[in-house]
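Okay, so here's the structure we're looking at.
Every read-out reported here was derived from the displayed coordinates using simple, explicitly stated rules and does not represent laboratory data. These numbers were taken from a predicted model, which means no experiment stands behind them. Positions of Cβ are generated from backbone atoms using ideal geometry, with glycine treated the same way; all protein chains shown enter the neighbour counts.
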Amino acid sequence: MTKKTKIKDLTDEEFLHYGSLSCAGCGAILAFRHVLKALGENTIVINSTGCMAVVMQMAVPKIPYFHVLFENGPAVMSGVEQALDILGKRDDANLLVVAGDGGTADIGMGSLSGAVERGHDFIYLCYDNESYMNTGGQRSGTTPFGAATSTTPVGSVIKGENRPMEMRKDVPEIMIAHNTPYVATASIGYPLDLIDKVKKAATIRGPSYIHVFSSCPAGWRSEPKDSVKLAKLAVQTGFIVLFEHEDGKRTFQHLPKKRKPVKDYLELQGRFQHLLEDRETIEKMEEFVEKRLEWIQR
Amino acid sequence: MTEEFFTGNRAAAEAAKLSRTQVVAAYPITPQTSAVEYISQFINNGEMKANMIRVESEHSAMSACVGASLAGARTFTASSSQGLQLMSEVLYFASGMRVPTVMGIANRTLSMPVNIWADHQDSMVNRDSGWIQFYCANAQEVLDNIIQAYKICENEKVLLPAMVCYDGFIISHVAERMDVLTQEQADMFLPEPNGSNRPLLDPKEPLQFGEVVYPDWYPDFEYKKHKALLESRETILEVAREYNELFDRSYGLVENYLTEDADIVFMGLGSLTSTTHWVVNELREKREKVGVLKLRVYRPFPDKEVIETCRNAKVVAIIDRDIGYGTTGMLYPDVTRALYPLDERPKCLNFIVGLGGKDVTPETIMNIYKISERALKGEEVDTVNWPDARIYD
């Protein structure tokens, strides 16, 4: 990574107007605020339906902003980019698509895959809060094993999301498989790292994909004050690995030297409460996290 | 003007080129494909200065057209059948965003059972998506309607998208003699693409698009869209007059043929109206008082013209190349609704024909005539008839 952003380098200018409708402790809106600070006002935002599209109403007056359908953000952006190209205005603006995990990993997968494969020059930002939070917290393709959601509730027989742990849809890896020029993961717990990655993405010709882990107190049943702490704990326990992937190489950021136990992360969230006494499952989770850390650094 | 021998799909591609379309986004589906293939060739030969987005679905095709249009470009796509259905969600998105995009539709039925041939099921089920709909009877009309559509849609009083529908294979794949405008002629009629009369995605003038509208305001938005579509009829007629002045080809919302003194008026959309013309000529030779009303524009619905034509008729034979399952053909209720306020209404019969590409032959139309004639004589006949289907008891 080139020059690292420091807090004193950040602009005081806000592109996100106060009065957004987000919940207290919303991780996604925090991510979006930082991303806009990194890109500045010369940006066109296409926002797929999701929490952001609802809370963002009239909240970004300095930036051309278009809330589109659930699944078509990348397709709309393909049109914007090709229009600007033929009109000779391509280099005028940063092009940013913002979508949640449902809009990215599930319903918008085809649209994203197509736009990336065609090589359009844009940044795709997925804020991953691991469920359909806008509709009340239903399970998505990125919901982790064990999480209780409104469609994977804790019942007397089945307790939370029960597909195999390793089967969670891993969109950054799917984007790497597309030979996307720049793929990165970030967490709202590390805003400067996120800003660096967004700035880097803006310099890339072709598509960039940034997957931002974003806590959600409403859906995770956690304390709003713990949002940033959880976003850090996810990294410190190894659940989330922060990396950049470019030219076939992966570099890591904030990789924990000594990994914290996964329970530290789980116990602050209502969605995992039913697992805390289940020693066998917790052990399996530790094993899974270890294995994945090993695999990703292979 | 040059004389050419083109298929409907070629005519659609030529029209997109002559209209100086800047962004084309399309996904292959039979029978639309060759339209997009021609455009790809034009672009790769450098004959057409446009960007082609080879999208991964029709849903994305229309999404890209909306994005490109809001970024200021003139856009085109073409589709058919299942593709149009996959795109359906985005049709409402496009008209709601008041995007002046134009789409060619090589009409084809909807599966299942699988069938790739012509009927109007695909575009008819999307008739209420807030788009202008044209129906063509030949390749010449495909070319003329697409070029005119841009001028209509981009008019700031309209700012709505348009579908130009032409029967799959029957028009899309059959070559016929036609007159093609030169680029100079097209430029004379259609100004260069210029998005300055509508809101655009522009960092220099940031605007917010696609926001939530709450119930108190929602009806106002819907009314404005509806009104724009209703009133687009005036712009359609105005643009047709201009086109006629320049190129001597006359268009209206409808086309009347020998309807003035007709007791029986046949009414329909697309290529079957040409066959009906032929049958009308035959019947007129036998001194039967029959005529045909071809609807060129189906949305906005030409109430006034339909009423004028049918006012003095005794029987109106409404020919649908589609079926509204559980009710009638889809054109039928539009016509009966338009005629309802008349004190003396003609007898309105509905004929479902040509589904899934079944040839609508002169014999089919003659069968429609025979049933209509019985009604004319005062006999009881069914309201909805399937003259070309095998009816099993």
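Using a cutoff of 8 angstrom between alpha carbon atoms and counting only pairs six or more residues apart, the relative contact order for chain B works out to 16 percent.
Think of it as helices only: each DSSP H run of n ≥ 4 in chain A is worth -39500 (n - 2.57), and spread over all residues that comes to -9500 deg cm²/dmol at 222 nm.
Using per-residue counts of other Cβ atoms within 10 Å, averaged over each peptide, order B:362-370, A:61-69, A:284-292 from highest down. Walk me through the intermediate numbers first.
On the way: B:362-370: 18.3, A:61-69: 22.7, A:284-292: 16.3.
In descending order of packing, they fall as A:61-69, B:362-370, A:284-292.
Considering only A:Arg271, A:Arg168, A:Arg279, the mean-square fluctuation computed in a Gaussian network model of chain A, springs between alpha carbons under 10 angstrom, is largest for A:Arg279. Other residues lying with their Cβ under 11 Å from the Cβ of B:Ser81 contribute a combined charge of -2, Lys and Arg counting +1, Asp and Glu -1.
Peptide B:24-32 is shielded by partner chain Cβ atoms: per residue, an average of 1 of them sit within 10 Å of its Cβ.
If you plug the beta carbon distance of B:Glu231 and B:Arg337 into 1/(1 + (r/R0)^6) with R0 = 22 Å, you get a FRET efficiency near 0.70.
Under 10 Å, Cα contacts only: if you run a Gaussian network model on chain B, which one of B:Pro333, B:Pro341, B:Pro215 comes out with the highest mean-square fluctuation? The residue that fluctuates most here is B:Pro215. Note on A:Arg292/B:Lys224: beta-carbon distance plugged into 1/(1 + (r/R0)^6) with R0 of 45 Å gives a FRET efficiency of 0.25.
Which residue, B:Arg98, B:Arg249, B:Arg287, tops the fluctuation ranking in a GNM of chain B built on C-alpha contacts under 10 Å? Per the Cα network of chain B with a 10 Å cutoff, B:Arg287 tops the list. Potential lengthening of the chain between B:Thr361 and B:Ser250 amounts to 37.3 nm, from the contour at 0.36 nm per residue minus the alpha-carbon distance.
The modelled label-to-label distance for the pair B:Gln183/A:Glu283, using points 7 Å beyond Cα in the direction of Cβ, is 7.6 nm.
Per-residue Cβ counts within 10 Å, from other chains only, averaged over A:106-119: what number is that?
Values: counts 0, 0, 0, 0, 5, 7, 1, 1, 9, 6, 0, 2, 6, 0.
Shielding by partners across A:106-119 averages 3.
In this simple spin-label approximation, A:Asn179 and B:Arg198 carry label points 7 Å from Cα along the Cα→Cβ vector, and these lie 3.7 nm apart. The stretch between A:Lys249 and A:Val154 holds 30.2 nm of extra length on full extension. This uses 0.36 nm per residue minus the Cα-Cα distance.
Taking R0 as 30 Å, what FRET efficiency do you get between B:Glu89 and B:Lys157 from their Cβ-Cβ distance, rounded to the nearest 0.05? Step by step, r from the Cβ atoms, then E = 0.65.
Shape of segment A:223-298 from its Cα gyration tensor (a ≥ b ≥ c, root eigenvalues): rounded if a/c is under 1.5, otherwise prolate when a/b > b/c, or oblate? Show your work: numbers first, answer last.
Details: a/c = 2.80, a/b = 1.52, b/c = 1.85.
Oblate, since a/c reaches 1.5 and b/c is not below a/b.
When both bridge partners sit in segment B:254-385, DSSP labels roughly 20% of those beta bridges antiparallel.
Mean separation of Cα pairs under 8 Å and 6+ residues apart, divided by the residue count of segment A:7-296: what relative contact order is that in percent? Walk me through the intermediate numbers first.
Details: 578 pairs, mean separation 49.4, N = 290.
That works out to 17 percent.
Here the sum of -39500 (n - 2.57) over DSSP H runs of 4 or more residues, divided by the residues of chain B, equals -12500 deg cm²/dmol at 222 nm, to the nearest 500. Distance between the C-alpha centres of segment B:184-208 and segment A:250-293: 54 Å, rounded to the whole angstrom.
From the Cα gyration tensor of segment A:21-152, with a ≥ b ≥ c the square roots of its eigenvalues, which class applies: rounded if a/c is under 1.5, or else prolate if a/b is larger than b/c, or else oblate? Kindly include the intermediate steps, with their values, before the conclusion.
On the way: a/c = 2.46, a/b = 1.50, b/c = 1.64.
Here segment A:21-152 falls in the oblate category.
Helix B:218-247 and the long axis of chain B differ in direction by around 80°, with both axes built from C-alpha atoms.
A:Lys4 to A:Met58: extension gain in nm, 0.36 nm per residue of separation minus the Cα-Cα distance? The partial results should precede the final answer.
Details: separation 54, 0.36 × 54 = 19.44 nm, distance 3.17 nm.
Length gained between A:Lys4 and A:Met58: 16.3 nm.
Taking 8 Å as the Cα distance limit and 6 or more residues as the minimum spacing, I'd like the relative contact order of segment B:254-385 as a percentage.
Numbers: 230 pairs, mean separation 35.4, N = 132.
For segment B:254-385, the relative contact order is 27 percent.
Within the set of other residues whose C-beta is less than 15 Å from the C-beta of B:Met103, count the net charge using Lys and Arg as +1 and Asp and Glu as -1. With Lys, Arg at +1 and Asp, Glu at -1, the net is 0.
Across segment B:363-373, computed HN-Hα scalar couplings (Karplus, 6.51 cos²θ - 1.76 cosθ + 1.60, θ = phi - 60°) run 5, 4, 5, 5, 5, 4, 4, 4, 5, 5, 5 Hz from first to last residue, x flagging Gly and Pro. The aspartates and glutamates whose alpha-carbon is closer than 19 Å to the alpha-carbon of B:Lys157, local same-chain residues fewer than 8 away aside, are B:Glu192, B:Asp220, B:Glu222, B:Glu231, B:Glu234, B:Glu238, B:Glu242. Counting only DSSP beta bridges whose two residues both lie in the protein assembly as shown, roughly 25 percent are antiparallel. For peptide B:48-58, the mean count of partner chain Cβ atoms within 10 Å of a residue's Cβ comes to 5.
Which shape class, rounded, prolate or oblate, goes with segment B:82-211 when its Cα gyration tensor gives a ≥ b ≥ c as root eigenvalues, a/c under 1.5 marks rounded, and past that a/b bigger than b/c marks prolate? In terms of gyration-tensor shape, oblate. A simple spin-label model places the labels of B:Ser274 and A:Met167 5.5 nm from each other, with each point 7 Å out along Cα-to-Cβ.
For the ranges B:178-184, B:129-135, what's the packing order if you count other beta-carbon atoms within 10 Å of each residue, average per peptide, and put the highest first?
Top of the packing list down: B:129-135, B:178-184.
What pairs in A:Lys6/A:Lys197; B:Lys286/B:Lys370; B:Lys289/B:Lys347; A:Lys62/A:Lys225 have C-alpha atoms more than 19 Å from each other? In this structure, A:Lys62/A:Lys225 lie more than 19 Å apart at Cα.
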